[in-house]
Structure formats: structure tokens, C-alpha cells
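Here is the structure we will look at, set down as C-alpha cells.
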Amino acid sequence: MCRMKLPTRFLSLAAIVAGVALAQPKQPPIQPPTQALDEEYAKLVKEWTTSPQFMSPLVDHLPKAAGVPTTRDVLGYYVGQPKKLTKVADLGRYYRALAAASKRVKVLPVGTTDEGREQIVAVVADEETIANLDKYKGYLARLADPRGLSEQEAHNVIAQAKPIYMFIGGLHSAETGPPEMLMELAYRLAVEDSPLYDQIRKNVIVMMSAAAEPDGRDRYAEWYYKYKLAEENEQDRVPGPPYWGKYIFHDNNRDINYSQVTMQNWLKFYLQWHPPIMHDLHESQPLLYTFSGQSPQNPTLDPILYAELPWFSDFELTKMIGYGMPGVWTHAFVDMWSPGYLGFMSSNHNGMLRMYETMGNGGANTMRRTSSGGGGPPGPPQDPDSAAPAEPTAEAGRGGRGGGTVAGSGRGGSMTAREWYRPLPPPRNLEWSMRNNTNYMETGVLSALELTAAFSKTILENFYKKSRNAVESGSREAPYGYVLPAGQPAAQPAGQPAAPKDMTRVAFVVNVLRMQGIEVGEAKNEVKLKDVTYPAGSLIVKRNQPYGRLAKILLEKQNYPDPNLNTYDDTGWTMGLMSHADVQEIADKAILDVPVQPVDVLNITGAVKGEGPVYAVLHNGSNWLSTLRYRLKDVKFEAIDQAYKSGATDLPAGSFLFPASARAKSEIEKLGLQAVALPQAPDVKKHLVDIPRMAVFSTWGSTQDVGWVRYAFDHFELAYDLIYKERIRKGNLRGSYDVIVIPSQGRGGAKALIFDIESKGVPYAYTKSAIFPSLGAYGESEDITGGMGLPGVAELDKFVNEGGVLITLGASSFLPAEIGITRTVNAARTSAAFYAPGPIVECEITNPNHPIFYGYTQRVVPVRWAGGPLLTVPAGERRRTVLAQFPGQDKSVLSGLMRGVAETRNRPAIVDEPVGQGRVILFSTNPAYRWQNLGEFNMLANAILNFNDLPKAAAAAGPDQ
Ligand SMILES: [Zn+2]
């Protein structure tokens, strides 16, 4: 590596930095590098940049360094070359070549995706730091958990430590620029010789993801090369690929419980390295939006965080506007309420989430664009940050994209208006290129690194203080902890039989907390607090731990700070309510002194009590009951129609009966289920539990919410075919299927579900080929446009009339109501004033004997408001077909925000209407939402497993024999 002699002034600066522990170094001046420059690069990027105002002095040049390869040396092109997108293997190839050539770069493995692609991180710092990375990792780990560290010791650690500044790029696959830009950033940070770069390398450890969602990166790049190379303006936009990752699209940024393996890998990496700053690079706004943590803010997070965020964003504005770059703004888009965004893993763990939205073109073409709200990448059928809202109810909260002017995340308005938070607005019409986008992002992140390098000790001090404050706040402020009592559910409604235990839902909560690094302990003895005693074996989360604040955020009821504020995503996520696990908030400080055994992973082992030839598996609401049915698919299962007392054991309605076997015993134990062995099958009314031939229908244009249902079905091992319009149109659905599930999709109502991606006469084939091996995954189509059309609707109608069970979830429940497959059910929309981004509300079970409610012991249960249709059923029919309804009282909003709750009053939540030989079950809820509301999932599983034993009319006493 070619290294020039450092300027004397910098050497003295370095001496100050090294010598005085907490003194802040002075900010070095921006100077041109002291080395030879790559003239070809300068010429090309100038050509690719559509106007000089979109360039900065930080990125208009690239230094040469003998032996250290640029992307052109390895891949054949510089970053920002029109019509070039780099696939995952090539990203890895470049970073590895760079690391092989430079002692300032190292590549770290992160994990492997669903489809077997590698996730990697490149690290750039000075030689000493790279050679001693583990030492610096140790310092950050010490600051992340400062328990037992005196203030003086903490200062000594800070004096030696360096902050990690980690970039995440390419989480959203249509947002194509960040993975390209980060390659150039890595090279520049490794080779450029100037005071600024020397200081960054010395004081900061820079990390960058290659592509945060590698499966989606490759699939999107292939689709781009196949269909998007001809795009020249916004009107040319073609549909995007039907999939990014295996299951989900942009919800990889909403996977609050880390269900997806790729996201789990990032979290594990984070918890090993503890980056105090994590910066997530997105594309949806003109020209660069830098997040500053506006309201509504989660008050549980440390106030220091809310001071740090605008500190950074204002510095970036200062620098970039200083360079004359228009369209850089802050203080508007996205708020600090939901903890579910991927980058939030840092704020949640006492670090700092940072976020950009730049203007991407959804590929690498140079295009004519308009600076309007939602200047995001064109094309994908699903909505990335910029496009249609995830749910109709959330729309008002996303005004920042659509030009809304509501407070909170809605600011932004006209993108070209000069505002206090946007002093130099962008031009309205512009030609925009991948290189422009790269220039903006790279100039922004270099400014952020400039600030971090100049104030690295402040960053570290704050990281330490946030961690320390988290521990202290848990020993100072109620709630002091949470208890998940053993033997759940504990409380019984009067007159009901004792409910059987289902600790698997407790295990779900505990294991998500554990994955998040939150300490959970098991009480070996009874827990006696002031007013209450919990049994031995109860799980305890104490708040006086580094991630105690996160535990509170996840477990508490979301008390939305201001009902007039809109928000960007969900307002409620309370884990106990979502999973129907009993989680008790503890205001008694004595909880902190309860002796506990640390839990690593909570495994619930099931049990079969007694001896006998017949097993009765208690229906206790566990989602693993359906797994058992599918694992023993060749065994004849029966379910009892009503609760039954067998000796000392209460068998709830829906409990399974089947012949005893060693294999069954082993599965019951593995799945954490409760069973008794009986001398003979009880003499009680029962029905066969048949496994249906099941299909899950997906449009091509809206696969994401389908993906969440697929994920849940795969997790619990329910068998199904994933079908598309092609299969629907072929007809004879009843010949192939007993049950068709239509997950929530088609947000515009029935029409969107039927006609899907509008055909413009050009077919878009989603098929696998030698050049495009990532396409055609999870289904193939010769043309993804057009939808099932009216002939498809007729086939669905026929399927039901011929005896099929059609189950519609959430927004898909508009379909049977609007097109008349169900004659008595109508579907309406909430008013414009109604606003309910995912709160948790009460749902009243009005027909508790219906098999859908096997395992539910309470008459009123928490459900997530899914933004589905407001269903109506004529008064005379309600008793017959309505299974559950929304009470719709003010007190019915259990967590999060619902503005206009009265609109939901007494609206059916679930309707089961027999039609012809079959039936339609309409959920206006969504019982498989983002791997969160697992307490509702059993309603769907029960409907599936009892598909041919549902009552002819719900009010009738027994099931259909
Ligand atoms: Zn995004």
C-alpha cells in the first residue's frame, strides 16, 4: 500500500488523541488527498453525474493505491456506472479482494440466508485496529454491559475503545444503490490519504454489510437485467419481481420478533460486536433525507439518543448544503415509535439507529424523475418505503410520502418547498442517475464519519451512559420487572373447567427476549411478592439489566403518547397480548432480589400422564397441536366435541384422541403438549380430524402478507400448495382442494385481489433460467400480470358451492363479501377520520362452542386490529353466522392507538357462512400477522383442522357428522 508522509499538523493531533483520554480531537480540514488520482474515474463519474450540483468534493476523485484494487479492477466497472448492478457473489468477491490487498480491511462472516447465500460484513480501520479487532470488540462489550464497572474503569475503557459505525445497505432489494456505494466507500476509506481519512481510520471502526438481504439482492438484480434496462422515466416503470426474500419484502424491516433467518443473523452479529451506531441506508425520498428521531418518540429509550440523532443529521445538512447539494433535509419522515425496524436493533440495545432515504431509480438506469413525495424506486409490485401504505389504516400516517402535512411522521409536504428543515430544496424535475445517488449517500456518510471521528469519545461515553442508565433505571423506576407465571393460563372464568397449561406460548415470548440479548431467569422456588405469589418455575425478567429498557418496550402496553400524532408503522406490539401469554408487570422492587437460574433457551417438554392404549392430547390452545396432527398424519385422530371430565383430568373441547404409541409420545413431549393415557376412548361425541388438501392463494403483485402466512404454516408444519391465478383459472379447484386460504392482500378491496397487476399487453414472465437462476422461486408464471380475473372468481364460487371451505383473512375478506360469494355478509370501509395503525383490541367470542375456539377459555380475547373490512351481517343472521365481534368501546383498545373506535362497535370479527355445499370463513382480523399475534393463530389452525366438521349453522349445538 502506498502511504504518504502524514502532515505534521496531523501527527500532533494524533498525539493529542492518543495521549489525553477524553479530550476531543479537533476536526481536521477537508483536504485533497496527497496521492495520485485515478483520472479515468474522475472523468467517468463526472459524465455519469447529471449536474455539477449533485457532486461533492468528497467523491469527485478516487485515489490510486498500488496493489489495492478498485471495483473496476475486480468487477470491470466503477460504482455508479449506468445499468450495472452487482450481485451478491461479486460483492463478496470485491470485498475479499480488497481485504486481501489491504491490511486496513477485513471481511467477517455473518451467516447464511434461506437460499444459502452468504451474509458478510467488511471492516475498515487503520492497520493497528484491524490487527487487534478482538481487543476493540472486547472494549465495546464491556461498555455494552457496564455492570460492575466503576466510573473510573469505564473511563479507562473509553480511553482505549473505538466506536464501530456500521452501515446496512440493501435491506430493501428495490433500493439498489447502497450495496454499490458501500464498495466504493470501503475502498476510499482504505486508501485515501488526507487528514480526514487518517482520523476516521484511527478513531472509528467502519463496518458495512455487503447486501443486507442477499436473496432479494440477486433476485432483484436478475429481474432488473431481464425487464428494467429500458426504463427512462417514471411512466416506463415495469412491475417488480414477485419476491425479494423467501417470505417477505419490505417487512424485513418490520420483523420485530426476528423470525427470518437473515434478520436473526444480523441480530446475532450485532450482539457480538455492539456497534454504537448502526446506519440503515434506504431509498425513497428526494434527494437525501437523514433521520433525526422525531415524535412520537418512545419515552422508554434514553433521552441521550434523542439528542444524538439531530446532532448527526444537522451536521450532515451543514456539510452537504455547504457543498451546494440541494434536496438534503431532516426532521420529518419516520418517527421513533415502533422498535421493529432492523436498524432499531442498535437503539434498542443502547446504541444509535441512523437512517437515510435517498432517491433511487429502482435499478441503475439514468431516468427523468420528479421530486415528489415518495420519490422512491419505481417498479416493485409491493410497496417499499415509498409506495403504497402497508395497510389502509396506516395511510394517514405516511403523509411524508404522499404529501400529508400531519404532525409526526407526516411532515414533508411538497418536496420542493423550502422549509426550516429543508433550506435548499431540490429541483422539481431532474435527470437522476445511480451515480448521483451514490454521490449523495457517500458524501452524507463520509460527513457522518467525519463527525464520529472528531467526537469518537463522546459517542463512546454516550454509549456507556445509555447502557449504565438502562441498568439504573430498572433499579430506580417501576416496573421493576415482569413475571411470566408457570402453569399458564392461571386465571379461569367462573364455572369453567381448569384450563390446561400451555407454556409453549410463554416459551415463544421468552425465546424472542433471549434472542434480543435480554436476560430471563427461572425462579426455582415460589416467588412471594407483596400482594401476589407465583409458582416455582415462573420466568422472571428483571429490569435492572442493560437491555431492561427493551424488555419494557416489548412487554408493556403501548401507551401512545398523543392521539393526534400519526405514526409510520404499528402503534401496538405488546408481546403478551399478541401471543396470549400471561405477562405480569411488577411494581414491587423485591422482584429484583428474587433468586433465579439464568435461562438460555426455554424448551417446554410435554408429558403423557398415566398408562393406557388411548392418548388424549389436551386442547390447551397450543399452536403445536396442529404440528402434532401433521407429524402423525397417517394416524386416525378424533376430536371431542365438548369438554369432558375423564377421572381427574378435564379434557377441553377439541382435545385429540388417538392410539397410544412410542412415536406419538415422543412427538407430544418434543412439542410441549399435555396428554393423558386412558384405558379407552371416552364415551363422548367426537369427530374425525382429517387433514385437508389445502391451498394458499397468492396474487403475483402482493406476496408479502401471504409470505407471513406461509412462514407460520411452514413453522408449524401445516401442508399446503401455494397457488396463483394460473391454478385458479384452470378450474376444478374442488377436485384438488378441501380448503383454500386467501391471506390478506389486495388492499384496495376485491378488485385488487381479482385483477392484481394491471396488464399493459406486455407479458412479464417469472421463470427460472440459466441466466436468471433466482427467478421462478416459490412459483412460476409466464406472465405475472392480469390477475385471476372474473373467470377466476367464478372458479372460487364454484369451489365453495361444491363443498370447499374458503378462508379469507384481513383485507381479503372484502372479496367474498363484495362479489357475493357470501350473500348475507357485506363489507364496508372505515371513515377518513378513522386511524388505527395496528393496535391490539378486544374481540368478543359470541359463539364459544364453535370449533374455531377450541383452546380459548376466555370470552374476550386480545386481537390485533388488521385494518380489514367493517363487516355487516343482517340482524336475523348474526346468531347463525357471526362467531366473534369487536366490542368497540374505549376500553377495548388494549395497546396502541385507535382513533374512531366506535366505528368498530359490534362489527363482526369472524363470520362463518355456509354456502352451497361448502362455506366461507371471513376473518376481518389477520390471525397470521408478521409472526406477532400467535395467540390468534389457533383460530385459523382450528378452522383448518376441523374443516369438514364445522356446524351447518353456528348456532346449532353439535358439529356436522
Ligand atoms: Zn427501504
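The values are calculated or read from the model by the stated rules, or taken from the named source; none is laboratory data. Owing to the predicted nature of the structure, the values given are computational and were not obtained by experimental measurement. No Cβ is skipped: glycine too gets one built from the backbone with ideal geometry, and neighbour counts run over all protein chains shown. To get the accessible areas, we keep the full protein, side chains included, count just its heavy atoms, and leave off ligands, DNA and RNA. Shrake-Rupley method; radii C 1.70, N 1.55, O 1.52, S 1.80 Å.
Tell me, what % of the accessible area of the chain is carbon and sulfur with a 1.4 angstrom probe?
Within the chain, the accessible surface is 52 percent carbon and sulfur.
Can you send over the solvent-accessible area of residue 656, 1.4 Å probe, protein chains only, in Å² to the nearest 10?
My reading of the accessible area for residue 656 is about 10 Å².
Taking Cα pairs under 8 Å and at least six residues apart, what relative contact order does the chain come out at, in percent?
Rounded, it is 11 percent for the chain.
Apply the a/c threshold of 1.5 to the C-alpha gyration tensor of the chain and tell me whether it is rounded, prolate or oblate.
prolate
Determine the calculated [θ] at 222 nm for the chain from helices alone, applying -39500 (n - 2.57) to every DSSP H run no shorter than 4 residues and normalising by the residue count; nearest 500 deg cm²/dmol.
Rounded to the nearest 500, it is -9000 deg cm²/dmol.
Using a 1.4 Å probe, how large is the accessible area of residue 250, given in Å² and rounded to the nearest 10?
10
Cα axis of helix 789-801 to longest principal axis of the chain: angle in degrees, 0 to 90, nearest 10?
For helix 789-801, the angle is close to 30 degrees.
Could you give the distance between the Cα centres of segment 97-129 and segment 728-760, to the whole Å?
So the separation of the two Cα centres works out to 44 Å.
Using alpha carbons only, how many degrees (0 to 90, rounded to 10) separate the axis of helix 214-223 from the longest principal axis of the chain?
80
Within straight cross-link reach of residue 665, meaning Cα distance under 16 Å, which lysines are found once same-chain residues fewer than 8 apart are removed?
609, 633, 636
Enumerate the amide H contacts of residue 828 below 5 Å, restricted to partners 5 or more residues apart or on another chain; note that Pro and chain-start residues carry no placed amide H.
Amide H to amide H, under 5 Å and 5 or more residues apart or across chains, residue 828 pairs with 870, 871, 872.
Can you tell me the FRET efficiency between residue 229 and residue 414 if r is taken as the Cβ-Cβ distance and R0 is 30 Å, rounded to the nearest 0.05?
Taking R0 as 30 Å, the efficiency between residue 229 and residue 414 is 0.40.
Considering Cα pairs under 8 angstrom that are at least six residues apart, work out the relative contact order of segment 908-956 and quote it in whole percent.
That works out to 28 percent.
Among the aspartates and glutamates, which fall within straight-line cross-link reach of residue 952, defined as a Cα-Cα distance under 12 Å, with same-chain neighbours fewer than 8 residues apart omitted?
Within the straight-line cut-off, residue 952 pairs with 912, 913, 960.
Using the Karplus curve 6.51 cos²θ - 1.76 cosθ + 1.60 with θ = phi - 60°, work out ³J(HN,Hα) for each residue of segment 803-814 in order, rounded to whole Hz, and write x for Gly and Pro.
Each residue's phi maps through the Karplus curve to give x, x, 9, 9, 10, 10, 10, x, 4, 5, 6, 4 Hz.
Just add up the charged neighbours of residue 215: K/R +1, D/E -1, any other residue whose Cβ is under 12 Å from the Cβ of residue 215.
Once all neighbours under 12 Å are counted, the net charge is -1.
For residue 902 and residue 155, what is the calculated FRET efficiency with R₀ set at 56 Å and r taken between the beta-carbons, to the nearest 0.05?
0.50
Going highest first, how would you order 415-425, 592-602, 744-754 by mean Cβ packing within 10 Å?
744-754, 415-425, 592-602
Would you please put 794-800, 217-223, 529-535, 462-468 in order of how densely packed they are, using the mean number of other Cβ atoms within 10 angstrom per residue and starting with the highest?
Answer by packing, highest mean first, reads 217-223, 462-468, 794-800, 529-535.
Which residue, 116, 900, 619, has the largest displacement toward the positive end of the dipole of the chain when charges sit on each Cβ (Lys, Arg +1; Asp, Glu -1)?
Projecting each Cα onto the dipole axis, the largest value belongs to 116.
How would segment 282-334 be classified by its alpha-carbon gyration tensor: rounded, prolate or oblate, with rounded meaning a/c under 1.5 and the a/b versus b/c comparison settling the rest?
The shape class here is oblate.
Pairs 501/528; 228/268; 162/466: which exceed 27 Å Cα-Cα?
With Cα atoms farther than 27 Å apart: 228/268.
So how do 213, 519 rank on accessible area, 1.4 Å probe, biggest first, that is with the largest at the start?
519, 213
Can you work out ³J(HN,Hα) from phi for every residue in segment 237-244, in order, using Karplus 6.51 cos²θ - 1.76 cosθ + 1.60 and θ = phi - 60°, giving whole Hz and x for Gly and Pro?
So the J values, rounded to whole Hz, are 3, 9, x, x, x, x, 9, 9.
Report, in degrees rounded to the nearest 10, the 0 to 90 angle that the Cα long axis of helix 303-322 makes with the longest principal axis of the chain.
Roughly 50 degrees, rounded to the nearest 10.
If the cut-off is a Cα-Cα distance under 18 Å, which aspartates and glutamates reach residue 670, setting aside same-chain residues fewer than 8 apart in sequence?
502, 600, 714, 717
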